[in-house]
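First the structure, in the form of structure tokens, and then the observations on it.
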2 protein chains.
Amino acid sequence: MRTTPTQEDVRRNNLGTLLRYVHIHGATSRAELTTRLGLNRSTIGALTADLAAAGLVTEKKGPRETGRAGRPSLVVRPESVKVYAYALNIEVDRLRAARIGLGGHILDRREAPRPRGMQVVDAVQPLAGFIHEMRAAVPEGSRYVGAGLAIAGMVRRADGMVRLAPTIGWVDEPVGDALVERIGDEGPMIVGNIADVSAMVEHTRGAAAGRDNVIYLYGDVGVGAGIIAGGRRISGRGGYGGEVGHMVVNPQGELCSCGSRGCWETEIGEYPLLRLAGRPDRSGREAVLAVVDAAMRGDWVAQQAVRQVGDWLGLGVGNLVNIFNPEAVIFGGTLRDIYLVAAAQIRSRLNEVALPACRDEIRLRTPELGRDAALIGAAELAFERLLADPLV
Amino acid sequence: MRTTPTQEDVRRNNLGTLLRYVHIHGATSRAELTTRLGLNRSTIGALTADLAAAGLVTEKKGPRETGRAGRPSLVVRPESVKVYAYALNIEVDRLRAARIGLGGHILDRREAPRPRGMQVVDAVQPLAGFIHEMRAAVPEGSRYVGAGLAIAGMVRRADGMVRLAPTIGWVDEPVGDALVERIGDEGPMIVGNIADVSAMVEHTRGAAAGRDNVIYLYGDVGVGAGIIAGGRRISGRGGYGGEVGHMVVNPQGELCSCGSRGCWETEIGEYPLLRLAGRPDRSGREAVLAVVDAAMRGDWVAQQAVRQVGDWLGLGVGNLVNIFNPEAVIFGGTLRDIYLVAAAQIRSRLNEVALPACRDEIRLRTPELGRDAALIGAAELAFERLLADPLV
């Protein structure tokens, strides 16, 4: 705010604020927007008219509010059917794609298993195929905003290069560029980390809505975190922050794929759980769910496995709680399943490790948006540009 | 930016920006301020006049710039002699006080040892005494801004309550209020954590100036961190973030004062170093320095002790680097002394533990402001209000 912003600067900023509000909160009456955004009725009216003219929102009469005289307030909704982004996920064992409307609505989706060891070229092909299929069904008059890709790996913020995705087996792969080549360049393809985008979605519209200090843990073979501190995502110098799976918690422990020893993911990832449960030949989310089910049914070996993993999970969460003093920790991916059956073990160990002041306001949660958080979060990467300046 | 800010809003904001610039960077020519702040010459002139009238800056002719015609640019300096704050530090084994002028200049200082086990009432008395002594020497016409206290403990952001200072031995002590009672209420007394305020000072004017992702480690008996991510301090929900000393790194390790086992500070604090060096009956910074000196002189036992502590230090720093992907790690307190003699060991272990992408732009540093960072940082707690709105 070095020089006085012009009326036009203020208007553009307000347009973004209003559009972001309905994008996150859904249909909202003009009366409520007036209150929430602190703007007067005529300004809200003018902003809504501009956004409607641009095809980004629609307005219609809402229900008459009981006990209030006068006309019912108009309700502003995001144009969820016509304004859309593509969202792509590359997980250890799944490839997923969706077409997602403004407001975070999944309009169409596709999914395929990803065999371990699948190379970039082989993953790009089916993902591009999904987009071609979904594109064929897009209604006339729709507006494409862009595409987002979330991957279980470390992504360089500057250009979206996948620096390292050890559980997927990729190093220095320009996956986004490879996708754009197959899809046809229709707009930006923004690449992000799967835990980061899931964290942002659970923070804006999920299990941690309204909370400014949040740790979202995502587990499969590896473990990563999306961390929100003071309302903003921790990304670090190059975009690689949140690699909590490589926090050493057991220096006398197992060798890790990263070359270090006793990393957190060597104690709480999919492999140690399956090994402890006596199923070292299995892999994948279904195998993890089978152990969790067996534990719930009273299988002693499965119970012991889940308890030991839960103990290490609680220890590492305790470490993070001491570092971040968060309000919420969310267990995503396979850690969700482990949390559901080992919550008491996790909480008990967490309470031993975390200082009372750091943990006294903490809530442990599962994701509200489930596995869709990663898809919706990938779309957010694309929507973000629109929300920053809706009329560009 | 919901409604258009008034000219007056913009002016106050610019006054704060200009005063903050000279507070951090010292005497600056009007020409350079024009460039740095992106404001035109007449605006800089008007802002400077306002700040000078309020007694916050002075102006005088600078040296003529070589090779440039015309009048030499006026140089704007912070009023470091007349505008001041009190700064207090409560460390494990020292009590320190200073009178600090705008711009971060130490104008006067006092220091006393703090015997282990000293209670709040006994610590408050000498600190208040220091302030009474320094106050007697304040020149006529000076302006007192407020006081800041930095303590090696966990401080509740809401009210400055010291929730837990285990190495000092205090629990739930309203130390700030106790000090105000003794000093006389002349203005706000803001309380902060010693690692946090040191981190901010090294970030704004020290070893990490210009870097947005910084971890400042402070060690004595315990270990804490001030963490800056994306240019902002991580404080967490209640203000308790940064308790890295209680990150469990060795679950089979020693019991910690917090009740947990294998916390990082049980491996890198003052006690394990002295124990490994065969000096379990000693304590304090001098004892740590004696071990470091012995190691440098070739004492084998001291070398082994320093090497082992350095190894654990590198491991924990590696964990933090994976979580934060920072540009700089600064070793403060007794960790500075250990870093100076064990840098190779620390770096080697850090490289094993931290992923290449997370560590590839990292610099390991000692504090530029040394132990004064904690005093200057305590004063910043008080100056912050002035900088936010200089003419209030």
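Do you know the relative contact order of chain A, to the nearest whole percent, from alpha carbon pairs under 8 angstrom that are 6+ apart?
16 percent
Percent antiparallel among DSSP beta bridges with both residues in the protein assembly as shown, to the nearest 5? Spell out each step's value before the answer.
Numbers: 74 of 117 bridges.
Around 65 percent antiparallel, to the nearest 5.
With the label 7 angstrom out along Cα to Cβ, how close does A:Glu8 come to the same site in each of the other copies, in nm, nearest first?
Label-point separations across copies, in nm and ascending: 2.9.
Add +1 for every Lys or Arg and -1 for every Asp or Glu among the other residues with Cβ under 14 Å from the Cβ of B:Asp372, and state the total.
On the way: positive: B:Arg94, B:Arg96, B:Arg99, B:Arg109, B:Arg110, B:Arg205, B:Arg336, B:Arg371; negative: B:Glu91, B:Asp108, B:Glu111, B:Glu202, B:Glu368, B:Glu380.
Taking every other residue near B:Asp372 into account, the sum is +2.
What's the local net charge at B:Gly101, with K and R +1, D and E -1, over the other residues with C-beta under 13 Å away? List each step's numbers first, then the result.
Working: positive: B:Arg77, B:Lys82, B:Arg99, B:Arg109, B:Arg143; negative: B:Glu79, B:Asp108, B:Glu380.
Overall, the nearby charge balance is +2.
Give the relative contact order (percent, whole number) for the stretch A:207-365; include only Cα pairs under 8 Å separated by 6+ residues. Spell out each step's value before the answer.
On the way: 288 pairs, mean separation 38.6, N = 159.
Once normalised by length, the contact order is 24 percent.
Whats the longest run of chain B with zero trypsin sites (Lys or Arg not before Pro) that are DSSP loop and have at most 14 other Cβ atoms within 10 Å?
Working: sites that count: B:Arg2, B:Arg64, B:Arg68, B:Arg116, B:Arg297.
Value returned for the longest uninterrupted segment is B:117-296.
By how many nm would the segment from B:Arg77 to B:Trp300 lengthen if fully extended, with 0.36 nm per residue of separation less the alpha-carbon distance? Each step should come with its number before you reach the end.
Details: separation 223, 0.36 × 223 = 80.28 nm, distance 5.20 nm.
Once the chain is fully extended between B:Arg77 and B:Trp300, it gains 75.1 nm.
Please give the average number of partner chain Cβ atoms lying within 10 Å of the Cβ of each residue in A:219-230, rounded to a whole number.
Details: counts 0, 0, 0, 0, 0, 0, 1, 0, 4, 0, 10, 9.
Across A:219-230, the average partner-chain Cβ count within 10 Å equals 2.
What percent do you get for the relative contact order of the stretch B:143-225 when only Cα pairs under 8 Å and 6+ apart count?
Values: 118 pairs, mean separation 22.4, N = 83.
Over the stretch B:143-225, the number comes to 27 percent.
Compute the distribution of all C-alpha to C-alpha distances in the protein assembly as shown, in bins of 10 Å from 0, and list the percent of pairs in each, rounded to whole numbers.
With 10 Å bins starting at 0, P(r) equals 3, 13, 20, 22, 20, 14, 6, 1, 0.
May I ask for the Rg/Rh ratio of the stretch A:207-365, computed from Cα atoms with Rh as the Kirkwood radius, given to two decimals?
Details: Rg = 15.1 Å, Rh = 15.7 Å.
Rounded to two decimals, Rg over Rh is 0.96.
Can you list the HN-Hα couplings for the stretch A:264-274, worked out from phi with the Karplus curve (6.51, -1.76, 1.60; θ = phi - 60°), rounded to whole Hz and with x for Gly and Pro?
Each residue of the stretch A:264-274 in turn: 3, 6, 6, 10, 10, x, 5, 5, x, 4, 5 Hz.
For the residue pair B:Leu289 and A:Glu352, what label-to-label distance in nm results when each label sits 7 Å from Cα along the Cα-to-beta-carbon direction?
Between B:Leu289 and A:Glu352, the simple spin-label model gives 4.0 nm.
First select every other residue whose beta carbon is under 13 angstrom from the beta carbon of B:Glu267; then total the charges, Lys and Arg +1, Asp and Glu -1. Could you put the intermediate results ahead of the total?
Working: positive: B:Arg261, B:Arg275, B:Arg307, B:Arg349; negative: B:Glu254, B:Glu265, B:Glu270, B:Asp311.
Every neighbour counted, the sum reads 0.
Who wins for biggest fluctuation among B:Met200, B:Met154, B:Met118 in a Gaussian network model of chain B, springs between alpha carbons below 10 Å?
B:Met118
Report the convex hull volume per residue for chain A, counting only C-alpha atoms, in Å³.
Values: hull volume 68.6 nm³, N = 392.
Hull volume normalised by residue count: 175 Å³.
Every other copy gets compared here: list the nm distances from the B:Glu254 label point (7 Å along Cα to Cβ) to its counterparts, shortest first, one decimal.
Shortest to longest, the spacings are 3.1 nm.
Using a 10 angstrom cutoff on alpha carbons, build the Gaussian network for chain A and name the most mobile of A:Ala302, A:Ala49, A:Ala128.
A:Ala49
So what is the accessible area of chain B per residue, in Å², with the probe set to 1.4 Å?
Values: 15590 Å² over 392 residues.
Value for chain B: 40 Å² per residue.
Accessible area lost on pairing B with A, both sides, 1.4 Å probe, Å² to nearest 100? Show your work: numbers first, answer last.
On the way: alone 17960 and 17950 Å², together 31180 Å².
Protein heavy atoms only, the B-A interface buries about 4700 Å².
Quick check: pseudo-label points 7 Å beyond the Cα along Cα→Cβ at B:Leu364 and A:Glu8, how many nm apart are they?
5.3 nm
With a 1.4 Å probe and all protein chains left in place, how much of the accessible area of the protein assembly as shown comes from carbon and sulfur atoms, in whole percent? Mind showing how you got there, number by number?
Numbers: 14880 of 31180 Å².
Answer for the protein assembly as shown: carbon and sulfur cover 48 percent of the accessible area.
Tell me, what is the 1.4 Å probe accessible area of B:Asp177, in Å² to the nearest 10?
Answer for B:Asp177: close to 100 Å² accessible.
Modelling each spin label as a point 7 Å along the Cα-to-Cβ direction, I'd like the A:Gln252/B:Arg116 distance in nm, to one decimal.
2.8 nm
Seen from all sides and averaged, what is the projected area of the convex hull of the Cα atoms in the stretch B:7-78, in nm²? Write out the running numbers ahead of the final one.
Details: hull surface 19.0 nm².
Taking a quarter of the hull surface, the average projection is 4.8 nm².
Read phi for every residue in the stretch A:234-244 and hand back ³J(HN,Hα) as whole Hz from Karplus 6.51 cos²θ - 1.76 cosθ + 1.60, θ = phi - 60°, with x for Gly and Pro.
Those phi angles translate into 7, 10, x, 4, x, x, 9, x, x, 7, 5 Hz.
For A:Leu364, go 7 angstrom from Cα along the Cα-to-Cβ vector, then report the distances to that same point in the other copies in nm, smallest first.
Taking the point 7 Å beyond Cα along Cα→Cβ, the inter-copy spacings are 3.6 nm.
Subtracting the Cα-Cα distance from 0.36 nm times the residue separation, let me have the gained length for A:Ala344 to A:Ala158 in nm, one decimal.
Full extension of this stretch gives 62.8 nm more.
Can you give the mean number of other chain Cβ atoms that lie within 10 Å of the Cβ atoms in peptide B:247-256? Write down the numbers at each step before the final one.
On the way: counts 11, 12, 7, 6, 11, 3, 1, 0, 0, 1.
Across the residues of B:247-256, the mean count of other-chain Cβ atoms within 10 Å is 5.
Would you list, by chain and number, the aspartates and glutamates whose Cα falls below 13 Å from the Cα of A:Lys60, excluding same-chain residues fewer than 8 positions away?
Here the aspartates and glutamates satisfying the reach criterion relative to A:Lys60 are A:Glu79.
For the stretch B:235-294 and the stretch B:82-149, compute the distance between their C-alpha centroids and round to whole Å.
The two parts, judged by their Cα centres, are 28 Å apart.
The values are calculated or read from the model by the stated rules, or taken from the named source; none is laboratory data. Small disclaimer: the values here were computed from a predicted structure and weren't measured. Neighbour counts are summed over all protein chains in view; Cβ atoms, including those assigned to glycine, are modelled from backbone coordinates with ideal geometry. In case anyone asks, the SASA skips ligands and DNA or RNA and just uses the protein heavy atoms, side chains included. Shrake-Rupley method; radii C 1.70, N 1.55, O 1.52, S 1.80 Å.
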